[in-house]
Amino acid sequence: MRIYKTKRGLRKALDTQPKELVVGFVPTMGALHQGHLSLVLAAKDKADIVVVSIFVNPTQFDRQEDLDHYPSTLETDIALLKDAGCDFVFVPAVSEMYADTVKSHPFDFGGLQNVMEGAHRKGHFDGVGTIVKGLFEIVRPDLAFFGEKDFQQLQIIKKMVMQNKFPVKIIGIPIYREPDGLAMSSRNTRLTPEYRQAAPFIYKTLKQAKELFGTKNAVEVSEWVVQVFKKHPLLKLEYFTIADETSLQPIQKQKSTQKYRAFIAVFAGDIRLIDNIALY
Ligand code: PAF
């Protein structure tokens, strides 16, 4: 496994590879867990060469506190990637990805960016779009792998690929969960034992909401979720939305031809956790 810190170094290395080999790419912000490794495994399965980037992208953080405390475990990450059979790791500094100004570009993802995470984290998807576009231009992957935990991000990346006509196929990988149901996230390591114990309530509620959606309408299910979180002593609901899986727009009139998904964001103290579930 080879590690590169510069765009030029990585590009040069990739240019020496036989053209017919399929390049699979997994962009990450490090602090790797089993969820990331499931993306690397999928990339190993479908591609000949696997490239993983580790870059904590400052422009996608809306809270300085979140950026300052984002976990960093580079040595362990490198060891995990080596074991997983990754071929190239790209670990650029901020100055390598953002030359003069650490700023994102404005994007219009056809409205996908205005709801849920986009509505609650100002500038988040401009930051994601800027960095993922930049990384795609460097790596030029044939396949790129993203986790469904960030389902809105996944749909936005698919949109960006279409808008820019990038010759890359985006592959979404199912959410990887802890045995107690909590969706794996690098931020989970920052939960105090008390909050960590409480956090599986999020997925438990999503599963119950899914069941209720069989007999109740979206407004009733949403009201029920708001009520159960109001009663919770530790977890604070930021939003719960039932939305169309493709347009991500909140459900209006339920149609049997559409696929819906429930999305949730919750504060466990200072730590913000997101999750989602397919409702079909
Ligand atoms: O999902 C993430 O870890 C990040 O948003 C990504 C895609 C690596 C861009 O910084």
Q | Considering residues of region 84-104 that are of a type in the set (A, V, I, L, M) and assigned to a loop (DSSP other than H, G, I, E, B) only, the residue farthest from Y4 (Cα to Cα) | A | V102
Q. Any chance region 19-33 includes a residue that's more than 12 Å from the ligand (Cβ to nearest atom), touching a residue at least 12 places away in the same chain (Cβ under 8 Å) and under 17 Å from N188 (Cβ atoms)?
A. no
Q) Within region 200-209, can one find any residue that is farther than 30 Å from S72 by Cβ, in contact with a helix residue (DSSP H, G or I) (Cβ under 7 Å, 6 or more places away or on another chain), of a type outside the set (S, T, N, Q) and assigned to a helix (DSSP H, G or I)? A) yes
Q. Looking at (1) within 16 Å of the ligand (Cβ to nearest atom); (2) surrounded by fewer than 21 Cβ atoms within 10 Å (Cβ to Cβ), can you tell me which one V50 breaks?
A. (2)
Q. Can you spot a residue in region 249-257 that is surrounded by 15 or more Cβ atoms within 10 Å (Cβ to Cβ) and either under 20 Å from the mean Cα position of the chain (by Cα) or within 25 Å of L154 (Cα to Cα) (or both)?
A. yes
Q: Give the number of residues within region 137-167 that are within 15 Å of the ligand (Cβ to nearest atom), hydrophobic (A, V, I, L, M, F, W, C) and surrounded by fewer than 19 Cβ atoms within 10 Å (Cβ to Cβ).
A: 4
Q: Name the single residue, out of those in region 78-96 being surrounded by fewer than 20 Cβ atoms within 10 Å (Cβ to Cβ) and touching a residue at least 24 places away in the same chain (Cβ under 8 Å), that is farthest from I138 (Cα to Cα).
A: L80
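If you go through region 185-195, how many residues are over 28 Å from I138 (Cα atoms) and surrounded by 16 or more Cβ atoms within 10 Å (Cβ to Cβ)? Before the answer, list the steps.
Of region 185-195, the ones over 28 Å from I138 (Cα atoms) are 188-195.
Next, only the ones that are surrounded by 16 or more Cβ atoms within 10 Å (Cβ to Cβ) stay: 188, 190-191, 195.
Number satisfying all stated conditions: 4.
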(Q) Tell me whether region 169-186 contains one or more residues that are more than 30 Å from L234 (Cα to Cα), over 17 Å from the mean Cα position of the chain (by Cα) and away from the ligand (no atom under 16 Å from the Cβ). (A) no
(Q) Any residue in region 182-193 that is in a loop (DSSP other than H, G, I, E, B) sitting within a Cβ distance under 8 Å of a residue that is within 16 Å of the ligand (Cβ to nearest atom) and hydroxyl-bearing (S, T, Y)? List the pairs, counting only those 6 or more apart or interchain. (A) M184/Y176
Q: List every residue pair whose Cβ atoms lie under 6 Å apart, where the two residues are 6 or more positions apart in sequence or sit on different chains, the first residue falls within region 59-73 and is more than 14 Å from H124 (Cβ to Cβ), and the second residue, located anywhere, is part of a helix (DSSP H, G or I) and at pLDDT 95 or above.
A: P71/S186; P71/T189
Q | Subset of region 97-136 that is away from the ligand (no atom under 14 Å from the Cβ) and among the aliphatic types (A, V, I, L, M) - its residue that is farthest from Q152 (Cα to Cα) | A | A99
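The values are calculated or read from the model by the stated rules, or taken from the named source; none is laboratory data. Only a predicted model underlies this, so the values are computations on that prediction, with no experimental measurement involved. Virtual Cβ from ideal backbone geometry, glycine too; neighbours counted across all protein chains shown.
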